[in-house]
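Asks: I have a structure I would like to understand better, so I am pasting it below and will then ask my questions one at a time.
What follows draws every value from the coordinates through simple rules; no lab data is involved. As the structure is a prediction and not an experimental result, all values here were calculated from the model. Methodologically, a virtual Cβ is constructed for each residue, glycine included, from the backbone with ideal geometry; neighbour enumeration extends over all protein chains shown.
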Amino acid sequence: MPRWMVNGRALAGDGMPRIMGILNVTPDSFSDGGRYLDPSAAIDRAHRLVAEGADLLDVGGESTRPGSLPVAAAEQLRRILPVIEASVRLGVPISVDTSDPLVARHALAAGAQIINDVRGLRDPALRTLVAETQASAVVMHMQGDPEIMQRNPHYNDVVTEVRDWLQHQVEQAVAAGIPRTHLAIDPGIGFGKTTAHNLALIRQLDALAPIGCAILVGTSRKRFLGELTGRDLPDRLVPSVVSALAALARGASIVRVHDVAATRDALQTWHALQPTEPLR
Ligand code: HH2
């Protein structure tokens, strides 16, 4: 499996799945909006996620849920900087969920090491920044923009189109000077996709392997799980965990989740049950 290097350390590629804990410092995120807007609540949450077993944290100051509008860079920074500054002391890499080069620059200066870009490093300024700072990045696929992406998502062949687009973005990032090992790719579950598209992408996740980057997947609490099970947001823990395991079984190395403790339990059990795992 491809390695994902973050600040000189492998965060994937050694056979151990990794958990990215979600920390949304926003008033309006789809599942935890408003809960961690206060910096001290967000910092407490960061401690808790790491104590529960998160291998890295993804801090975001802008919701990208369907229908959401962009948040100004200054406001994103006001929300996330105190949280990043406090969280770097926790000893796990900090990722920042942004597409804005200004937000990214300040977040990296405050100690973040990964830019998680739901727009797949489309902005050349963001590619240059990641290259120059030797940061790592997540290149995610999204059709359209959050405001309109769920209106009528359409693909002729979702798996091939997502794979080809990610491949193109990775080549652009490499051409800008970012080492391939610094990049992880993400099919962008729920970003301009119907339930059928999301299921196809998870079922055929191994189609992304030829790109040669570690694969990250975020299914946690998402709407397609509600459509599958009939469960509302608070009751999507089981489908979230099961879908994370399914993604790992098909080649993902990192899962982005809200419920770290439950995902950690599931991963440890699942890992121990692999036929290749030596007895301890
Ligand atoms: N999903 C969300 C946000 N960022 N980043 C990556 N790489 N992959 C994802 O699947 C992904 C992401 C949406 O989830 P959440 O952060 O919980 O909600 P919101 O965007 O409303 O803050």
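Asks: For D157, D123, D117, what ranking results if the residue with the fewest other Cβ atoms within 10 Å of its Cβ goes first?
Replies: Placing the least packed residue first, the sequence is D157, D123, D117.
Asks: Given N residues in the range 18-270, what is its alpha carbon radius of gyration divided by 2.2 N^0.38 Å?
Replies: 0.92
Asks: Roughly how many debye, to the nearest 20, is the charge dipole of the range 43-143 about its Cα centre, given +1 on each Lys and Arg Cβ, -1 on each Asp and Glu Cβ, and no other charges?
Replies: Around 100 debye, computed over the range 43-143.
Asks: What 222 nm value per residue comes from the helices of the chain, counting each DSSP H run with n ≥ 4 as -39,500 (n - 2.57) and dividing by all residues, nearest 500 deg cm²/dmol?
Replies: -12000 deg cm²/dmol
Asks: Note the full-extension length gain between E161 and R231 as 0.36 nm times their separation in residues minus their Cα-Cα distance, in nm to one decimal.
Replies: Stretched out fully, the E161 to R231 stretch lengthens by 22.2 nm.
Asks: Please work out the FRET efficiency for the pair R9 and L273, using the Cβ-Cβ distance as r and a Förster radius of 35 Å; give the result to the nearest 0.05.
Replies: The pair R9/L273 has a calculated efficiency of 0.80.
Asks: Given all pairs of different Cα atoms, what value in angstroms does the Kirkwood hydrodynamic radius of the range 64-196 take?
Replies: 15.4
Asks: Right, here's the next one. In terms of the ratio Rg/(2.2 N^0.38 Å) built on C-alpha atoms, what value belongs to the range 174-280?
Replies: 1.15
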